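The next block holds one structure in the form of structure tokens; read it before the comments.
Rule-based calculations on the coordinates, nothing more; no lab input. What you are looking at is a predicted structure, and each value in this text was computed from that prediction instead of being measured. Note: ideal-geometry Cβ built from the backbone for every residue, glycine included; neighbour counts use all protein chains shown.
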Amino acid sequence: MSQIEKLLKAIKRNPRDVPWEDIDRVLKYYGFNCRHQECSHYNYYHPELVEILTIPRRRPVKAIYVKKALELIEKQEGKSNE
């Protein structure tokens, strides 16, 4: 099991108070691109998905944003397995 997979498993176990750097690493590993706005928010998008996830760059990232990121990762993984 790779470090990213271990990190994802840990985030799934406890989605509260996840460091922004960790969620950024996981999203980028699963093929999400990041677009930084002028403010403190980052937009993550995947070429195979319609949804865009906006995450404020705060430490730690709130659980609601982490859960949305996990949902998009699972959705993207489901599409790639088809």
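The smallest convex shape that holds all Cα atoms of the chain, its convex hull, gives 85 Å³ per residue.
Maximal additional length on extending the Arg16-Cys39 stretch stands at 5.9 nm, based on 0.36 nm per residue less the C-alpha distance.
Assuming R0 = 30 Å, can you tell me the calculated FRET efficiency for the pair Thr54 and Glu5, based on Cβ-Cβ distance, to the nearest 0.05? Rounded to the nearest 0.05, the efficiency is 0.75. Applying both filters, DSSP loop and at most 16 other Cβ atoms within 10 Å, to the trypsin sites (Lys or Arg not before Pro) of region 2-34 gives Arg16. Each Lys and Arg adds +1 at its Cβ and each Asp and Glu adds -1 at its Cβ; summed about the Cα centre, region 7-82 shows a dipole of about 360 debye. By the count of other C-beta atoms within 10 Å, a proxy for reagent exposure, His41, His46, His36 are ordered fewest to most as His36, His41, His46. Considering only Ala10, Tyr30, His41, the residue lying farthest towards the positive end of the dipole of the chain is Ala10, judged by Cα position with unit charges set on Cβ.
Springs between Cα atoms under 10 Å define the GNM used for the chain, and in it the highest mean-square fluctuation of Leu27, Leu49, Leu70 occurs at Leu49.
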